[in-house]
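Let me begin by presenting the structure, written as structure tokens, before commenting on it.
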Amino acid sequence: MKVGIVMGSTSDLEVMSAAFRTLDEFGVEYEKRVISAHRAPKLLFDWASGAKERGLGVIIAGAGGAAHLPGVTAAMTTIPVVGVPISGKAFGGLDSLLSMVQMPSGIPVATVAVNGAKNAALLAVSILSLNDATLAEKLSEFRQKQTEAIENTQI
Ligand code: RP5
């Protein structure tokens, strides 16, 4: 299964590229799009409602400001949606964090930290690894290496 990565603007690309790098490390395929929930709602509907048919297993949605993108995406598919709040010019990203984490009951968005695109990708890997033993093994190795790096740190 693939991951879908969507972001509200090209201005989100720098933050969201951490998700590309992480998925590349795990050899996970993904499709990536810039689609604004506000500026291109019909395109978002078509992209999100066809996600399952295109073989997507998880969607990562990043947006800043009044960040409706993950919530609206989640409303159009039953695929898990991981939201990445992006820090904009105001409020340090608190506005987008609250837009995602405060989703009303019924349509959840699994929200990571502000600018947490790497963790969003790791969560996507974790979800896909439930049905992919090879990917699960890669995730275990990643965790092991991370632990060893800490254990071997000398200061
Ligand atoms: C949001 O508004 C985008 O996700 C972006 O984080 C923010 C600013 O967008 P631009 O004005 O840079 O296109 O919709």
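Every number here is computed from the coordinates shown, using simple stated rules; none is lab data. Just so you know, these numbers come straight off a predicted model, no measurement behind them. Glycine gets a Cβ as well: all are built from the backbone with ideal geometry, and neighbour counts include every protein chain shown.
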From (1) at positive phi; (2) touching a residue at least 60 places away in the same chain (Cβ under 8 Å); (3) crowded, with 18+ Cβ neighbours inside 10 Å; (4) among the small types (Gly, Ala, Ser), pick out the condition that doesn't hold for GLY65. (2)
With respect to ALA37, is the statement that it is aliphatic (A, V, I, L, M), closer than 20 Å to VAL114 by Cβ, within 14 Å of the chain's Cα centre (by Cα) and surrounded by 14 or more Cβ atoms within 10 Å (Cβ to Cβ) true? no
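Can you pull out every residue in the range 1-15 that is aliphatic (A, V, I, L, M) and surrounded by 24 or more Cβ atoms within 10 Å (Cβ to Cβ)?
Residues of the range 1-15 aliphatic (A, V, I, L, M): 1, 3, 5-7, 13, 15.
Hits for the range 1-15 are VAL3, ILE5, VAL6, MET7.
Name the residues in the range 49-72 that are hydrophobic (A, V, I, L, M, F, W, C), more than 9 Å from the ligand (Cβ to nearest atom) and assigned to a loop (DSSP other than H, G, I, E, B), would you? It would help to see each step written out before you state the result.
Initially, the range 49-72 is screened for residues hydrophobic (A, V, I, L, M, F, W, C), giving 51, 56, 58-61, 63, 66-67, 69, 72.
Then drop every residue that is not more than 9 Å from the ligand (Cβ to nearest atom), which leaves 51, 56, 58-61, 72.
Selection gives ALA51 alone.
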Need the failing condition index for GLU31 against (1) surrounded by fewer than 16 Cβ atoms within 10 Å (Cβ to Cβ); (2) part of a strand (DSSP E or B); (3) in contact (Cβ under 8 Å) with a residue 60 or more places away in the chain, just the number. (3)
From the list MET16, MET7, pick out the single residue that is more than 26 Å from LYS138 (Cα to Cα) and within 12 Å of the ligand (Cβ to nearest atom). MET7
